[in-house]
1. Mind telling me which of the residues 299, 254 ends up being under 24 Å from residue 56 (Cα atoms), at pLDDT 90 or above, assigned to a helix (DSSP H, G or I) and in contact with a helix residue (DSSP H, G or I) (Cβ under 7 Å, 6 or more places away or on another chain)?
2. Given the residues 78, 72, which is the only one that is within 16 Å of residue 147 (Cα to Cα) and buried (at least 24 other Cβ atoms within 10 Å of the Cβ)?
3. Quick check on my filter: what residues within the stretch 83-103 are surrounded by 21 or more Cβ atoms within 10 Å (Cβ to Cβ) and in a loop (DSSP other than H, G, I, E, B)?
4. Can you find a residue that is at pLDDT 95 or above and under 28 Å from residue 293 (Cβ atoms) anywhere in the stretch 170-186?
5. Test residue 106 against the criterion of being surrounded by fewer than 24 Cβ atoms within 10 Å (Cβ to Cβ), at pLDDT 95 or above and closer than 25 Å to residue 207 by Cβ, and give yes or no.
6. Against the condition farther than 20 Å from residue 68 by Cβ, surrounded by fewer than 21 Cβ atoms within 10 Å (Cβ to Cβ), more than 19 Å from the chain's Cα centre (by Cα) and at pLDDT below 95, how does residue 316 come out, does it pass?
7. Can you tell which of 54, 42 is on the phi < 0 side of the Ramachandran plot, surrounded by fewer than 20 Cβ atoms within 10 Å (Cβ to Cβ) and in contact (Cβ under 8 Å) with a residue 60 or more places away in the chain?
C-alpha cells in the first residue's frame, strides 16, 4: 500500500481524531457507569433507543439537531474569520424575541408573506446583536469574547423583561408572549411529529455557508482574515468590513435558530426560555473543525446525546449528568488532540494540519 504523503496524512488525522475522541469518551463513560454499579449495556442501549430507537425518537433527535446545526454554523463562521463568538446564545434570544413579535403582532398577511417576514425578523435580530461586538472589535479592539459574554446577559435579561411586560399575554397562566398567528407557523415536515421544515432550512444553510466560504470572493477574504490579518491587510482586504460581516452572518444564523424554536415548535416565547444551544454550539463547531458539512454529524451526535439521556437514566438508573461528562471528554480530546494521538500512537509527522485548514475541506 502506498504510504500517505504529508497533506494526505494531515487530512486523515483531521477526520480520524474526532472519531477517536468520541469513541474514547464513550469508553470512559462506560467505565464510570460500571464503577457506579450500573449496567453498561442497559445504559447505552437506553441512550441509543432514546435517540434512534423509534420513528418518534428519531424525529425528536432531528428537532434538537435543527438549532444545533444553525448555532454550530454560527460559531464556525465566526471561527473562520478568527473570531470567537461566545454570544450565539444571546443572538439566538434576539432572533426568538424578534420572530415572536412579528409572529403575533402582525396580522392579516397571507402565510407565504407572514412566515418569511417573521423568519427574516429573527435573522435580522440576531444579525444586529452580532454586528455590535463585531463593530466594537473592528473599531476599538474590544475583545469579542468579553463583549459577547456581556451581550448574552443583556439580551437574556432584556428578553425576560419584554416577555413579562410589554409583550406579555395577560390571559396566560404563566409569563409568555401571545401565540403567534397561524400564518407564521413553520409547517410540519412529518404529520403527527414535531419535526418541522426548519430542519430542511438548517440543512440548506449548511450548503449556503459552504458556498459563501469556499466559492465566493467574500468567503475567501473572511478565511484569509481569519488565518492572517496582517497578510490580509497587506493584500488590500478591509479588516473592519470582514469582522462586522462575519459577526453579522454568525448572529443571523443564531437568530434563525431562535426563530425556528418560536415559529416551528413553541408558537410563543415563554419567560423561562432557556435553550443552551448557543453554548453547546462551541463544542459542535470544535468537533466539526469549523467545516460546514462537519456541523451536520456533530449536531446529530449532540442532539442524540441530549435526547437519549432521559431513557438511559430510566433504563440504567444512573444520573443524566453522565451525558455532560461524556460531552466534556469529547471537548477535551478535541481541544487537546495530542492526548488522542498519544493514546492511539498516531504519528503527527512534519506536516501541520494548518495545511488542510488553509486549503479548506472539500476542495
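The values are calculated or read from the model by the stated rules, or taken from the named source; none is laboratory data. This one's a predicted model, so the numbers in the text were calculated from it and none came from an experiment. Virtual Cβ from ideal backbone geometry, glycine too; neighbours counted across all protein chains shown.
1. So the residue among 299, 254 that is under 24 Å from residue 56 (Cα atoms), at pLDDT 90 or above, assigned to a helix (DSSP H, G or I) and in contact with a helix residue (DSSP H, G or I) (Cβ under 7 Å, 6 or more places away or on another chain) is 299.
2. Just one listed residue meets the conditions, 78.
3. 83, 85, 86, 87, listed by residue number.
4. Within the stretch 170-186, one or more residues are at pLDDT 95 or above and under 28 Å from residue 293 (Cβ atoms).
5. Against the criterion (surrounded by fewer than 24 Cβ atoms within 10 Å (Cβ to Cβ), at pLDDT 95 or above and closer than 25 Å to residue 207 by Cβ), residue 106 does not qualify.
6. no
7. 42
Residue by residue, here is whether (1) buried (at least 20 other Cβ atoms within 10 Å of the Cβ); (2) over 17 Å from residue 302 (Cα atoms); (3) modelled with pLDDT of 90 or more holds:
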{"residue": "2", "(1), (2), (3)": "no, yes, no"}
{"residue": "8", "(1), (2), (3)": "no, yes, no"}
{"residue": "32", "(1), (2), (3)": "no, yes, yes"}
{"residue": "49", "(1), (2), (3)": "no, no, yes"}
